[in-house]
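Here is the structure we will look at, set down as structure tokens.
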Amino acid sequence: MKTIDTLSRRQLFPLLGGAVALATVAPRSLSADPSASFGKPSPAKARFVYVGTYTFPGTAPGGTHQSQALGIYLFRMNPSDGGLTPLHLQPFIMAPNPSYLALDPGLRHLYSVNEMTDGGVSAYVINQTNGTLTFLNSMLTNGKDTTHLSVQSSGQYLFAASYTSGDFQVFPINTDGSIGDMTDNFPSVGNGTGPNPDRQEGPHAHQILTDLDGNHVFGVDLGADKVNVWNLDSGSGKLIPNTVPFAPIASGSGPRHMAFHPDRQHAYVLSELASSVTVLDYDPVRAAFIWKQTISTLPPDFTGTNTTAEIRIHPSGRFLYNTNRGHNSVTMFEIEPETGELEVIGWESTRGEWPRGMNIDPSGNFLYAANQNTDNIAVFRIKLANGKLRFNTLINTPTPVDVEFGPLA
């Protein structure tokens, strides 16, 4: 078995100054009519919550000080107010820089990237009683700075994206939850043509995921301004380019992450360099996209520097949220139910700096924004009538990056 022993992290590249000249819609009030929702969120339940980090002794990309984080942090979510009670720390000795996390469909295993020069992925068994993790194994990706991973909806394969080398990996998941030998390593191709050559001198794989039915695989490439589209051969674990092999994103945008709407007819691509969201019509049979809208994530009067980080869609399908690093906020959007287009609700401060990761609990009641550079996580209650955020509390924890929800606690 290949193991991981080289610790480093990618450098922070210069930020793109100012907001780009994209359509920005002024905030407007929302109707409280929930008829367009995809099911009302249920009451929150106590869960185990896992937080990925960049670990000591390094400094996170975009960081302002040396990280004191030691690995994956475990919390218990309070269903009444969304607060997080610390429970346990998974040491980073075997798996450094577990910045991004993913769970299998049964919530029995957790997987982390190891964002290093010699990138890798690691597997853990989740104790269903107390949420603690038992290390299973680590595998090298043969890529540099592995920054994102996801689990196929069937639980058969683990996908990974390696940022600096610009390639995407596939691993089978063994019956015990451990990671098998890599079955594919797909190199993305092409350079972006935008105004930031330091960030787009070549391909930069930033996310890999499937659509909601698990029928197609998508690789978001910041450097090449595109979303790769594949079909997965379930027998061999190979990525086969789709008939329509990629969806282009506007030059210089730097697409980072994407999310699929629960109606399965729309997708949303968050661009890091342009601070924008691109709305796409999606054909789930052909895995093809048609551009519909591009909208800024920033207020029209913002003049500073900003890069976006995370994008999430509310379980009801009515709202979309993203984080802004620089403006240090969450942008709140309403999703028009017929067209899928976005309208700005407003912006909510994250009460901290450099909100990299952000997630919504499965019940749809609470949103968590991880402020990397101020070592805290902001907890917000989501107002289900209008999608606005109401600040609840700050949870202190070192260099938080990704927040993921595990089994019921």
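Brief remarks follow.
- One residue from SER37, SER80, SER8, SER31 being over 20 Å from the mean Cα position of the chain (by Cα), loosely packed, with under 15 Cβ neighbours inside 10 Å and at pLDDT below 95: SER31
- Any hit, segment 270-280, residues being touching a Gly at 6+ places or on another chain (Cβ under 6 Å), under 16 Å from ASP225 (Cα atoms) and either surrounded by fewer than 22 Cβ atoms within 10 Å (Cβ to Cβ) or not aliphatic (A, V, I, L, M) (or both): yes
Each row is one residue, and each column tells you yes or no for (1) touching an Asp or Glu at 6+ places or on another chain (Cβ under 7 Å); (2) at pLDDT 95 or above.
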position	(1), (2)
ASN137	no, yes
SER165	no, yes
PHE171	no, yes
THR175	no, yes
GLY192	yes, no
PRO197	no, no
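- Note on segment 90-120: among residues that are crowded, with 24+ Cβ neighbours inside 10 Å and of a type in the set (Gly, Ala, Ser), the one that is nearest to GLY155 (Cα to Cα) is SER112.
- Hits in segment 160-205 - residues which are among the charged types (D, E, K, R), within 17 Å of SER150 (Cα to Cα) and within 20 Å of the chain's Cα centre (by Cα): ASP167
- The one condition from (1) part of a loop (DSSP other than H, G, I, E, B); (2) under 22 Å from TYR163 (Cβ atoms); (3) of a type outside the set (Lys, Arg); (4) open to solvent by less than 20 Å² (accessible area, probe 1.4 Å) that ALA123 does not meet is (1).
- Residue within segment 83-90 that is closer than 30 Å to PRO337 by Cα, assigned to a strand (DSSP E or B), in contact (Cβ under 8 Å) with a residue 40 or more places away in the chain and of a type outside the set (Lys, Arg) present: no
- Enumeration of residues in segment 319-339 that are under 21 Å from ASP283 (Cα atoms) and out of contact with any Phe, Trp or Tyr (no Cβ under 8 Å at 6 or more places or on another chain): GLU336, PRO337, GLU338, THR339
- Comparison of PHE135, PHE159 shows that the only residue that is surrounded by fewer than 18 Cβ atoms within 10 Å (Cβ to Cβ), of a type in the set (Phe, Trp, Tyr) and either in contact (Cβ under 8 Å) with a residue 40 or more places away in the chain or touching a strand residue (DSSP E or B) at 6+ places or on another chain (Cβ under 8 Å) (or both) is PHE135.
- Those residues of segment 312-327 which are closer than 16 Å to SER271 by Cα and over 17 Å from the mean Cα position of the chain (by Cα), in sequence order: GLY326, HIS327
- Scanning segment 203-211 for residues that are surrounded by fewer than 20 Cβ atoms within 10 Å (Cβ to Cβ) and under 27 Å from GLY62 (Cβ atoms) turns up nothing.
Conditions (1) more than 15 Å from PHE289 (Cβ to Cβ); (2) touching a residue at least 40 places away in the same chain (Cβ under 8 Å); (3) touching a Gly at 6+ places or on another chain (Cβ under 6 Å); (4) hydroxyl-bearing (Ser, Thr, Tyr), marked per residue:
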{"position": "SER188", "(1), (2), (3), (4)": "yes, yes, yes, yes"}
{"position": "PRO197", "(1), (2), (3), (4)": "yes, no, no, no"}
{"position": "ALA205", "(1), (2), (3), (4)": "yes, yes, yes, no"}
{"position": "ASP225", "(1), (2), (3), (4)": "no, no, yes, no"}
{"position": "ASN228", "(1), (2), (3), (4)": "no, yes, yes, no"}
{"position": "SER236", "(1), (2), (3), (4)": "yes, yes, no, yes"}
{"position": "ILE240", "(1), (2), (3), (4)": "yes, no, no, no"}
{"position": "ALA247", "(1), (2), (3), (4)": "no, yes, no, no"}
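- Selection from segment 51-74 of residues that are aromatic (Phe, Trp, Tyr) and surrounded by 24 or more Cβ atoms within 10 Å (Cβ to Cβ): TYR54, TYR73
- All strands (runs of 3 or more DSSP E) inside segment 313-409 with 2 or more residues being touching a residue at least 60 places away in the same chain (Cβ under 8 Å), farther than 30 Å from PRO96 by Cβ and among the β-branched types (Val, Ile, Thr): 342-349
- Scanning segment 347-360 for residues that are closer than 28 Å to PHE289 by Cα and either modelled with pLDDT under 95 or open to solvent by less than 10 Å² (accessible area, probe 1.4 Å) (or both) returns GLY357, MET358.
- Scanning segment 295-312 for residues that are open to solvent by 30 Å² or more (accessible area, probe 1.4 Å) and in contact (Cβ under 8 Å) with a residue 12 or more places away in the chain gives PRO300, PHE302, THR303, THR305, ARG312.
The values are calculated or read from the model by the stated rules, or taken from the named source; none is laboratory data. Not measured: the values here are computed from a predicted model. Cβ sites come from the backbone with ideal geometry, for glycine too, and all protein chains shown count toward neighbours. Surface accessibility is based on the protein's heavy atoms, side chains included, excluding ligands, DNA and RNA. Shrake-Rupley method; radii C 1.70, N 1.55, O 1.52, S 1.80 Å.
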